[in-house]
Amino acid sequence: MATSSREQPRNWIWWLVGGLVIALVVIGAYMFAARAQQADLPRPADLAVDLPSPSSLPDAPNLPPAPVPAPR
């Protein structure tokens, strides 16, 4: 008779790892191909953005200087 071990074969882990590696390769190839086909868009440094100037804040109140504690 053949002896059987109590541990289940863990081949499913290797199938899972292999599938994830293949998925990453496919996604990376798709992203690389899509990046190579993009039109020449202006870079953010080339864009002229005209923003309104922020409103000025009122002056802070003039408070007297903080008292210095006297030693006893």
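When R10, R35, R72 are compared by accessible area at a 1.4 angstrom probe, the order from most to least is R72, R35, R10. Between L63 and W12, the simple label model (points 7 Å from Cα in the Cβ direction) yields a spacing of 6.6 nm.
In this label model, A33 and A70 are separated by 8.5 nm, measuring between points 7 Å along each Cα→Cβ vector.
The values are calculated or read from the model by the stated rules, or taken from the named source; none is laboratory data. Since the structure is predicted, the reported quantities are computational estimates derived from the model, not experimental observations. Note that each Cβ is placed from the backbone with ideal geometry, even for glycine, and that neighbours are counted across all protein chains shown. Accessible surface is based on the protein model in full, side chains and every heavy atom, while ligands, DNA and RNA are left aside. Shrake-Rupley method; radii C 1.70, N 1.55, O 1.52, S 1.80 Å.
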